[in-house]
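Below: one structure, written as structure tokens.
The values are calculated or read from the model by the stated rules, or taken from the named source; none is laboratory data. Every value quoted in this text rests on a predicted model; they were computed, and no experiment measured them. Neighbour counts are summed over all protein chains in view; Cβ atoms, including those assigned to glycine, are modelled from backbone coordinates with ideal geometry. Each accessible area value is taken on the protein alone, full model and side chains, heavy atoms only, with ligands, DNA and RNA left out. Shrake-Rupley method; radii C 1.70, N 1.55, O 1.52, S 1.80 Å.
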Amino acid sequence: MELTKEQHDIINSKGNIKINAVAGSGKTTTIIEYAKARPKTSKILYLAFNKSVRLEANKKFTDMGLLNVKVETAHSLAFKRIIYKNNYKVRPQGYKIHEVVELLNLEGDEEKHTEFIIANHINKFVSYFCNSEKVKVQDLNYLEIVSDPKAKTFVTSFYNYIEKQTRVFLSKMDKGEIEITHDFYLKKFQLSSPKLNYDYILFDEGQDASAAMLDVFFKQKATKVIVGDTHQQIYGWRFAINSLEKANFKTFNLSTSFRFSQDIANLAMEVLKWKKIIDSEPPIHIIGKGKENETKSKAVIARTNLGLLLKAIEYVTEKKNIKSIYFEGNFNSYTYANEGASLYDVLNLYNNKRRLIRDKLIKEMKNLKELEEYIDKTEDIQLGMMVEIVKEYGNKIPGIIKKIKEKHIDNDDNKENAEMVFSTVHRCKGMEYDAVQIVNDFISEEKLAKLANDLNKENLSFGKLKEEINLLYVAITRTKNRLYIPLSLMPNDFPASTQIRVMQVAKDEGQISSPKLKDKSGINEKAYLVDKIRAKHKDAYKPWTQDLDEELTVMYCEGINTKDIAKHFGRTKGAIRSRIKKLELEDLYG
């Protein structure tokens with residue numbers, strides 16, 4: 001591959017540098033060429049983001065004959081230095097909430113499930129500390145990362161107790177009384193002030209570095225290189241920080257993407273301009289030099305597990321021609337919360353089948369309302385999504401999950417045989433597909449503007465809003481050839497094209513209208529020019545109210561056809577059909 005001038009500048013650079021690389025810009029190729037240009041006697045460490053990236057990078061360096069390059073992740077480095085020396089035992093999956101309660105003998109009060117709510121916050125406080133650069137727990141203010149008002153009120157009331165028990169929990173791990181977590185041994189590694197004996201250290205995915213590992217990195221004597229994409233920072237919820245902003249190094253850019261065309265590049269840049277709504281972020285320039293090829297891999301990408309499951313349900317129940325699907329990160333991971341509660345546990349609580357509930361936390365709840373109160377006070381997003389799925393689909397869930405599993409390819413090696421890949425944006429980080437369909441659960445320009453103008457601005461986290469924009473940017477830039485995007489997520493006045501297809505979506509359901517158009521990607525969707533949809537259906541995205549539902553019910557019972565109903569409401573026929581289905585009018589009055 002012919003290198004760009006930007007790549008040559010990086011390869012020939014001297015001293016500590018940082019590289020801001022847009023999606024698909026060949027950063028791994030650049031880093032390999034950078035390593036090749038260093039003396040053969042140099043000892044080089046390449047820090048990869050996760051195990052899968054580590055294995056892939058190791059193969060590439062080996063194939064290029066660069067045997068002087070050692071490839072590690074932050075955790076693999078820490079594991080070797082900490083685990084054997086201290087004879088620790090690791091608990092890979094972490095601790096469930098009820099286990100924290102039992103290990104610390106937590107006490108509640110007259111309120112329901114207080115000890116479980118406290119345990120939830122202890123778990124998060126431990127993670128917050130272990131990923132930070134701080135030496136002591138007391139150096140952090142846990143309240144700074146609690147945003148929900150109910151959760152903040154609860155934590156304020158119990159702050160001293162939560163902080164004390166957090167220190168007790170960490171002490172138990174430190175003494176080897178209980179198994180340690182991955183976060184803990186990385187923290188222990190940082191606090192040991194390790195010296196890494198390398199001439200060059202190359203830090204990949206620097207925009208999502210933990211503050212703990214960044215502290216280790218900055219203290220090394222080696223020549224340091226950080227590479228990442230400021231706009232791909234999406235792990236703030238894991239307390240990651242953007243090292244490109246923290247490093248006072250000479251800046252280089254990789255602005256040419258070899259993954260996608262200029263059409264996709266223009267859309268990505270336009271979405272990133274939304275950041276001007278919340279701050280004065282400088283503009284980014286992306287050159288799209290990707291070539292259109294045969295469409296083999298197709299993916300559906302969602303912001304949330306809930307959004308992805310709803311779309312998967314739609315595919316297996318309505319698109320009979322789809323025979324095989326694959327979920328990035330294994331399908332079962334989408335039906336379990338981090339602490340171990342399953343979708344079935346929540347469903348059994350919903351049905352009051354307590355004897356079938358396996359998770360001890362869920363079993364403590366008398367009903368779904370109590371679980372929702374727990375979620376309010378803990379900001380447990382995953383459990384909240386499970387509750388929404390159960391409330392939406394109820395006892396249809398086992399049958400739906402069975403259908404999904406029947407079509408799911410379990411073996412990762414056979415992933416390329418799947419007709420459709422399903423993934424959240426976090427799980428497909430670093431991936432690319434020929435055609436991508438984006439689910440309608442990302443932040444929109446309209447919603448962003450509304451949040452930014454909210455009267456209670458002091459309660460808003462502009463950092464989180466920027467990360468929401470980044471999530472949509474990452475999803476858009478996973479495609480190589482075709483992108484299918486809901487109208488509500490399109491920037492104002494941005495044109496559709498042969499590579500960017502705008503989908504007509506009923507906003508309240510997140511459902512796609514009946515398929516009409518099939519192009520060579522094999523994704524059946526109805527695609528339009530943006531301005532035509534907006535002009536024709538001005539009210540298409542207004543929320544349904546009780547009055548509107550009653551009016552729709554009357555018109556349906558009077559036998560008025562869908563076309564005329566759609567015209568009356570100023571909406572699409574697909575939106576009307578979706579609402580009729582949602583209200584079960586066919587079952588009640590058909």
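Condition test on Leu106, is it farther than 30 Å from Glu245 by Cβ, among the aliphatic types (A, V, I, L, M) and part of a loop (DSSP other than H, G, I, E, B)? Before you say what the answer is, go through the steps one by one.
Working: farther than 30 Å from Glu245 by Cβ: yes; among the aliphatic types (A, V, I, L, M): yes; part of a loop (DSSP other than H, G, I, E, B): yes.
Here the answer is yes, as Leu106 does meet what is asked.
Here are Leu77, Leu106: which of them is touching a helix residue (DSSP H, G or I) at 6+ places or on another chain (Cβ under 6 Å), open to solvent by less than 30 Å² (accessible area, probe 1.4 Å) and modelled with pLDDT under 95?
Working: Leu77 fails: touching a helix residue (DSSP H, G or I) at 6+ places or on another chain (Cβ under 6 Å).
Matching residue, one of Leu77, Leu106: Leu106.
Which of the residues belonging to region 350-373 are assigned to a loop (DSSP other than H, G, I, E, B) and of a type in the set (Asp, Glu)? If you could, list the steps in order and put the result at the bottom.
From region 350-373, those assigned to a loop (DSSP other than H, G, I, E, B) are 351-353, 357-359, 365-367; that's our starting set.
Answer for region 350-373, where residues must be assigned to a loop (DSSP other than H, G, I, E, B) and of a type in the set (Asp, Glu): just Asp359.
Could you tell me which residue of region 337-365 is most open to solvent (accessible area, probe 1.4 Å), considering only residues that are under 25 Å from the mean Cα position of the chain (by Cα) and polar (S, T, N, Q)?
Out of the qualifying residues, it is Asn338.
Taking region 403-428, which residues are within 15 Å of Leu472 (Cβ to Cβ) and open to solvent by 30 Å² or more (accessible area, probe 1.4 Å)? Lay out the reasoning, then the answer.
Residues of region 403-428 within 15 Å of Leu472 (Cβ to Cβ): 423-426, 428.
If the condition is that a residue be within 15 Å of Leu472 (Cβ to Cβ) and open to solvent by 30 Å² or more (accessible area, probe 1.4 Å), then His426 is the only one that fits.
Just checking, does region 480-491 include any residue being under 28 Å from Lys27 (Cβ atoms) and open to solvent by 30 Å² or more (accessible area, probe 1.4 Å)?
Checked against the condition, which is being under 28 Å from Lys27 (Cβ atoms) and open to solvent by 30 Å² or more (accessible area, probe 1.4 Å), region 480-491 yields at least one hit.
Out of all the residues in region 409-416, is one or more outside any helix (DSSP H, G or I) and not hydrophobic (A, V, I, L, M, F, W, C)?
At the first step, the residues of region 409-416 found to be outside any helix (DSSP H, G or I) are 409-411.
Subsequent filtering for residues that are not hydrophobic (A, V, I, L, M, F, W, C) retains 410-411.
Checking region 409-416: at least one residue is outside any helix (DSSP H, G or I) and not hydrophobic (A, V, I, L, M, F, W, C).
Looking at the structure I just gave you, is Val439 open to solvent by less than 80 Å² (accessible area, probe 1.4 Å), closer than 23 Å to Ser488 by Cβ and at pLDDT 90 or above?
Values: open to solvent by less than 80 Å² (accessible area, probe 1.4 Å): yes; closer than 23 Å to Ser488 by Cβ: yes; at pLDDT 90 or above: yes.
Answer is yes for this residue.
Would you pick out the residues in region 148-158 that are part of a helix (DSSP H, G or I) and surrounded by 15 or more Cβ atoms within 10 Å (Cβ to Cβ)? Even if it seems obvious, please write down each step before you answer.
Step one: filter region 148-158 for residues part of a helix (DSSP H, G or I), giving 149-158.
Residues satisfying the conditions are Ala151, Lys152, Phe154, Val155, Phe158.
Scan region 444-491 for residues that are aliphatic (A, V, I, L, M) and modelled with pLDDT of 90 or more and report the count. Please lay out each step first, then the result.
Filtering region 444-491 down to residues aliphatic (A, V, I, L, M) leaves 448-449, 451-452, 455, 460, 465, 469, 471-472, 474-476, 483, 485, 487, 489-490.
Those left that are additionally modelled with pLDDT of 90 or more: 469, 471-472, 474-476, 483, 485, 489-490.
Matching residues across region 444-491 total 10.
So, of the residues in region 1-58 that are among the hydrophobic types (A, V, I, L, M, F, W, C), open to solvent by 50 Å² or more (accessible area, probe 1.4 Å) and within 31 Å of the chain's Cα centre (by Cα), which turns out to be nearest to Thr73 (Cα to Cα)? Give the steps one after another, and end with the answer.
First, pick out the residues of region 1-58 that are among the hydrophobic types (A, V, I, L, M, F, W, C): 1, 3, 10-11, 17, 19, 21-23, 31-32, 35, 37, 44-45, 47-49, 53, 55, 57.
After this cut, where a residue has to be open to solvent by 50 Å² or more (accessible area, probe 1.4 Å) as well, the list is 1, 37, 49, 55.
Filter once more, so that each one left must be within 31 Å of the chain's Cα centre (by Cα): 49, 55.
Details: Phe49: 6, Leu55: 10 Å.
The residue in question is Phe49.
Specify the residue that is most open to solvent (accessible area, probe 1.4 Å); the eligible residues are those in region 252-272 that are over 16 Å from Lys291 (Cα atoms) and aliphatic (A, V, I, L, M). So that I can check it myself, show each step before the final result.
Residues of region 252-272 over 16 Å from Lys291 (Cα atoms): 252-255, 267-272.
Checking which are aliphatic (A, V, I, L, M) leaves us with 254, 267-269, 271-272.
Numbers: Leu254: 5, Leu267: 0, Ala268: 0, Met269: 28, Val271: 0, Leu272: 11 Å².
Residue satisfying both the conditions and the ranking: Met269.
Would you check which residues across region 545-561 are in a helix (DSSP H, G or I) and either of a type outside the set (S, T, N, Q) or surrounded by 15 or more Cβ atoms within 10 Å (Cβ to Cβ) (or both) and list them? Spell out the reasoning first.
From region 545-561, those in a helix (DSSP H, G or I) are 546-557; that's our starting set.
The answer is Asp547, Leu548, Asp549, Glu550, Glu551, Leu552, Thr553, Val554, Met555, Tyr556, Cys557.
Looking at Lys311, Lys319 in this structure, which one is of a type outside the set (S, T, N, Q) and touching a strand residue (DSSP E or B) at 6+ places or on another chain (Cβ under 6 Å)? Break it down into steps so the answer makes sense when it comes.
Values: Lys319 fails: touching a strand residue (DSSP E or B) at 6+ places or on another chain (Cβ under 6 Å).
Only one candidate qualifies: Lys311.
Just one of Asn395, Asn352, Asn348 is more than 30 Å from Lys152 (Cβ to Cβ) and touching a helix residue (DSSP H, G or I) at 6+ places or on another chain (Cβ under 7 Å); which is it? Can you show your working first?
Values: Asn395 fails: touching a helix residue (DSSP H, G or I) at 6+ places or on another chain (Cβ under 7 Å); Asn352 fails: touching a helix residue (DSSP H, G or I) at 6+ places or on another chain (Cβ under 7 Å).
So the residue among Asn395, Asn352, Asn348 that is more than 30 Å from Lys152 (Cβ to Cβ) and touching a helix residue (DSSP H, G or I) at 6+ places or on another chain (Cβ under 7 Å) is Asn348.
Assuming Phe154 fulfils every condition listed in (1) within 22 Å of Asn86 (Cα to Cα); (2) over 26 Å from the mean Cα position of the chain (by Cα) apart from one, which condition is it?
(1)
If a residue must be assigned to a loop (DSSP other than H, G, I, E, B) and either open to solvent by less than 50 Å² (accessible area, probe 1.4 Å) or of a type in the set (Asp, Glu) (or both), how many such residues does region 279-326 contain? Please lay out each step first, then the result.
First, the residues of region 279-326 that are assigned to a loop (DSSP other than H, G, I, E, B): 279-286, 290-297, 303-304, 319-324.
This time we only want the ones that are either open to solvent by less than 50 Å² (accessible area, probe 1.4 Å) or of a type in the set (Asp, Glu) (or both), so: 279, 281, 284, 286, 290, 292, 294-295, 297, 304, 319, 322, 324.
Of the residues in region 279-326, 13 are assigned to a loop (DSSP other than H, G, I, E, B) and either open to solvent by less than 50 Å² (accessible area, probe 1.4 Å) or of a type in the set (Asp, Glu) (or both).
What number of residues within region 110-138 satisfy the criterion of being outside any helix (DSSP H, G or I) and either over 24 Å from Tyr235 (Cα atoms) or touching a helix residue (DSSP H, G or I) at 6+ places or on another chain (Cβ under 6 Å) (or both)?
7
(1) in contact (Cβ under 8 Å) with a residue 24 or more places away in the chain; (2) of a type in the set (D, E, K, R); (3) more than 28 Å from Ile284 (Cβ to Cβ): which one isn't true of Glu115, the others all being true?
If we test Glu115 against (1) in contact (Cβ under 8 Å) with a residue 24 or more places away in the chain; (2) of a type in the set (D, E, K, R); (3) more than 28 Å from Ile284 (Cβ to Cβ), just (1) comes out false.
Please give the number of the condition His568 fails out of (1) open to solvent by 70 Å² or more (accessible area, probe 1.4 Å); (2) in a loop (DSSP other than H, G, I, E, B); (3) at pLDDT 80 or above.
Evaluating His568 over (1) open to solvent by 70 Å² or more (accessible area, probe 1.4 Å); (2) in a loop (DSSP other than H, G, I, E, B); (3) at pLDDT 80 or above leaves (2) as the failure.
With respect to Gly329, is the statement that it is under 19 Å from the mean Cα position of the chain (by Cα) and either crowded, with 18+ Cβ neighbours inside 10 Å or at pLDDT 90 or above (or both) true?
Numbers: under 19 Å from the mean Cα position of the chain (by Cα): yes; either crowded, with 18+ Cβ neighbours inside 10 Å or at pLDDT 90 or above (or both): no.
Judged against the criteria, Gly329 is not a match.
Is it the case that region 470-479 has a residue that's open to solvent by 10 Å² or more (accessible area, probe 1.4 Å) and either closer than 30 Å to Leu143 by Cβ or not acidic (Asp, Glu) (or both)? Walk me through how you get there before you give the answer.
The first filter runs over region 470-479 and keeps only residues open to solvent by 10 Å² or more (accessible area, probe 1.4 Å), leaving none.
So far as region 470-479 goes, no, none of its residues is open to solvent by 10 Å² or more (accessible area, probe 1.4 Å) and either closer than 30 Å to Leu143 by Cβ or not acidic (Asp, Glu) (or both).
Looking at region 374-402, which of its residues are part of a loop (DSSP other than H, G, I, E, B) and open to solvent by 40 Å² or more (accessible area, probe 1.4 Å)?
Within region 374-402, Glu379 is the sole residue that qualifies.
Determine whether region 83-100 contains at least one residue that is aliphatic (A, V, I, L, M), surrounded by 22 or more Cβ atoms within 10 Å (Cβ to Cβ), more than 21 Å from Ala222 (Cβ to Cβ) and at pLDDT below 95.
yes
Residues of region 55-74 being free of Cβ contacts under 8 Å to residues at least 12 places away in the same chain, among the aliphatic types (A, V, I, L, M) and not in a loop (DSSP other than H, G, I, E, B), which ones?
Passing the criteria: only Leu55.
Please verify whether Val126 is under 27 Å from Ser342 (Cα atoms), surrounded by 18 or more Cβ atoms within 10 Å (Cβ to Cβ) and either touching a residue at least 12 places away in the same chain (Cβ under 8 Å) or among the small types (Gly, Ala, Ser) (or both), treating the condition exactly as stated.
On the way: under 27 Å from Ser342 (Cα atoms): yes; surrounded by 18 or more Cβ atoms within 10 Å (Cβ to Cβ): yes; either touching a residue at least 12 places away in the same chain (Cβ under 8 Å) or among the small types (Gly, Ala, Ser) (or both): yes.
Yes.
Tell me, yes or no, whether region 175-195 has at least one residue that is without any contact (Cβ under 8 Å) to a residue 24 or more places away in the chain and open to solvent by 20 Å² or more (accessible area, probe 1.4 Å).
yes
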